[in-house]
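Worksheet: the structure to be examined is printed underneath.
Bear in mind these aren't lab numbers, they're just calculated from the coordinates by the rules spelled out. Fair warning: this is a prediction, and the values are worked out from it, not measured in the lab. Quick reminder, even Gly has a Cβ in these numbers, built from the backbone with ideal geometry, and neighbours come from all protein chains shown.
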Amino acid sequence: MDESAKEKLDQVKMEMKQDKKNSEMERHPKASFEDLINELDDKGIKFNIVSKEEAKGVLYDLNYYYKLSVYRRNFKRTSDGKYANLEFSYLADLASVDMQLRYLLLTATLDIEHAMKTFLISKITENEEINGYEVVDRFFHSTIGTNFEMNKDIILEKVKHKSHYQRKLYEAHRYSLPAWVLVEVMSFGEFIEFFKFYFKKYSPSSFYLTTMEGVLNSVKRIRNCCAHNNAFLFYLSQNELKHPNSYVVDYAKKASIGKAFYSCVKVHDIIAVLYAHDFFVKGVGSRKHRHKELSNLTERSINRFYYLDKDNDVLYFFKVLEKLLNSYSIE
């Protein structure tokens with residue numbers, strides 16, 4: 001081993017030791033349920049509506065500490081750093097509503113994905129310049145040397161196992177892959193890349209691709225948040241965007257929603273989901289059903305959170321969502 005290689009190896013070893021040391025310094029001892037409840041108590045969270053014993057049962061059976069405590073970020077602190085007028089039951093309420101919202105939003109993003117695939121396949125079917133196999137070959141070629149390089153083997157690897165529900169697609173198309181099979185086996189992120197590739201080359205008159213790409217990235221963020229069951233209803237007024245998507249801005253303005261709201265990334269992304277759903281989803285049944293579900297949850301949430309301050313971000317969020325749903329065209 002030459003001197004340069006030895007120095008690099010020593011540097012890597014040193015960095016690994018430091019990483020291990022830092023990791024051990026950041027670790028916290030495992031806390032009991034009683035410790036966790038006491039920690040909330042120390043932060044000023046009260047147990048007048050739900051007792052401490054009942055709260056332990058919630059943590060044991062219904063939700064875990066982080067998934068509940070994260071919602072405390074929606075509440076104000078007093079000068080001593082403790083939360084003002086925050087009950088444990090409020091956190092449980094928020095966790096419950098957030099879960100319901102994520103389930104509905106995930107369904108909405110699945111509607112969008114299906115509608116986008118139908119839209120793309122329809123355009124390919126109508127396009128006399130290219131067939132369904134050539135467009136896939138050209139797409140794969142366009143990814144060479146990129147961070148998301150794809151080819152037939154990479155795409156089909158996930159469905160070739162005998163236990164996979166789409167194994168028959170692999171058996172029938174492993175030698176030549178048409179567009180209508182490709183979209184069935186792609187992840188949503190991969191599909192967006194294919195969607196972008198096609199419309200860069202065969203640009204539709206119905207939308208401007210660069211702007212629509214921003215909308216789809218927002219939809220993907222919401223979809224990932226919901227699919228991975230991550231908490232959503234906190235820091236709703238933070239992470240302000242300097243340049244919100246113009247389609248989102250126009251859609252927000254149509255619903256009389258101001259810049260102070262649509263510039264916040266989470267509100268921005270929710271607007272993008274409703275815009276994309278409005279734009280791509282043509283099935284009247286899906287539009288009506290999703291609108292009804294979200295409207296019912298929004299109305300219940302506004303009534304449920306009567307105890308929140310009028311300037312609380314959660315209350316503002318649902319009132320913004322109410323405006324959006326009122327302006328959504330059901331048919």
Mean ellipticity per residue at 222 nm, deg cm²/dmol - from DSSP H runs of n ≥ 4 across the chain, formula -39500 (n - 2.57)
-20500 deg cm²/dmol
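How much length is gained on full extension from residue 168 to residue 207, taking 0.36 nm per residue of separation minus their Cα-Cα distance? Spell out each step's value before the answer.
Working: separation 39, 0.36 × 39 = 14.04 nm, distance 3.54 nm.
Answer, rounded to one decimal: 10.5 nm.
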Once amide H atoms are built 1.01 Å from N in the peptide plane, which residues 5 or more positions from residue 143, or in another chain, come under 5 Å H to H?
150
Long-range amide H partners of residue 264, meaning residues 5 or more apart or on another chain whose placed amide H is closer than 5 Å, are 241
Once phi is turned into ³J(HN,Hα) by the Karplus curve 6.51 cos²θ - 1.76 cosθ + 1.60 with θ = phi - 60°, what whole-Hz value does each residue of the range 51-68 show in order, with x for glycine and proline?
6, 5, 5, 5, 5, 4, x, 5, 5, 7, 10, 10, 7, 10, 4, 4, 5, 8
Any GluC sites (Glu not before Pro) in the range 109-179 that lie in a DSSP loop and have at most 11 other Cβ atoms within 10 Å would be 128, 129, 149
Compute the relative contact order of the chain as a whole-number percentage, counting only Cα pairs closer than 8 Å that sit 6 or more residues apart in sequence.
17 percent
Choose one answer from 109, 146, 118: the residue with the largest mean-square fluctuation in a GNM of the chain with alpha-carbon springs under 10 Å.
146
Taking the chain as a Gaussian network, Cα atoms linked when under 10 Å apart, which of 263, 218, 246 shows the biggest mean-square fluctuation?
246
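Just flag the chymotrypsin sites (Phe, Trp or Tyr not before Pro) in the range 30-128 sitting in loop per DSSP whose Cβ has no more than 12 other Cβ atoms within 10 Å.
On the way: sites: 33, 47, 60, 64, 65, 66, 71, 75, 83, 88, 90, 103, 119; in loops: 47, 64, 75.
Loop-located and lightly packed - 64.
Of all the stretches in the chain, which is the longest one without any exposed loop site, taking trypsin sites (Lys or Arg not before Pro) in a DSSP loop (any state but H, G, I, E, B) with at most 12 other Cβ atoms within 10 Å? Intermediate values should be presented prior to the final figure.
Details: sites that count: 27, 30, 76, 162, 242, 282, 310.
Formally, the longest exposed-site-free interval is 77-161.
In the range 136-219, what chymotrypsin sites (Phe, Trp or Tyr not before Pro) fall in a loop by DSSP, with at most 11 other Cβ atoms inside 10 Å? Kindly include the intermediate steps, with their values, before the conclusion.
Numbers: sites: 139, 140, 148, 165, 170, 175, 180, 188, 191, 194, 195, 197, 198, 199, 202, 207, 208; in loops: 148, 165, 175, 202, 207, 208.
Those that pass, being in a loop and sparsely packed, are 148, 165, 175.
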